């Protein structure tokens, strides 16, 4: 497979996502995010995993397949966008669901 064919078959995961409704987080109004799943490294995934595990350990939750859990997916979206997970959680249900589904697709490739 030459480089040109490879580029055609690779999925593009970087995008600017514009919210259906702007969100205010920590005093700032945010209307869109630049989300780039391709920039994530293995170290980034491990950081998200540790953050998610720390959160769920306090709640007594033990997930077998965290890749299908919206709370874990929110950490992945936040890392791909370079923002605090609290911003992702503050999104409208519609935007939160769309973005976490994209994270799930990325994680389950």
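The values are calculated or read from the model by the stated rules, or taken from the named source; none is laboratory data. Quick caveat, the model's predicted, so the values are computed rather than measured. Reconstructed Cβ throughout: ideal geometry from the backbone, glycine too, with neighbour counts over all protein chains shown.
Some observations on this one:
- A single entry from 4, 11, 15 fulfils the requirement of being under 22 Å from residue 75 (Cβ atoms), outside any strand (DSSP E or B) and either in contact with a strand residue (DSSP E or B) (Cβ under 6 Å, 6 or more places away or on another chain) or at pLDDT below 95 (or both): 11.
- If you go through the stretch 40-64 and keep only what is part of a helix (DSSP H, G or I) and either loosely packed, with under 13 Cβ neighbours inside 10 Å or touching a residue at least 60 places away in the same chain (Cβ under 8 Å) (or both), you end up with 42, 43, 46, 50, 54, 57, 58, 59.
- Cβ pairs under 7 Å, 6+ apart, first in the stretch 65-83 and over 13 Å from residue 96 (Cα atoms), second modelled with pLDDT under 95 and not in a helix (DSSP H, G or I): 67/108
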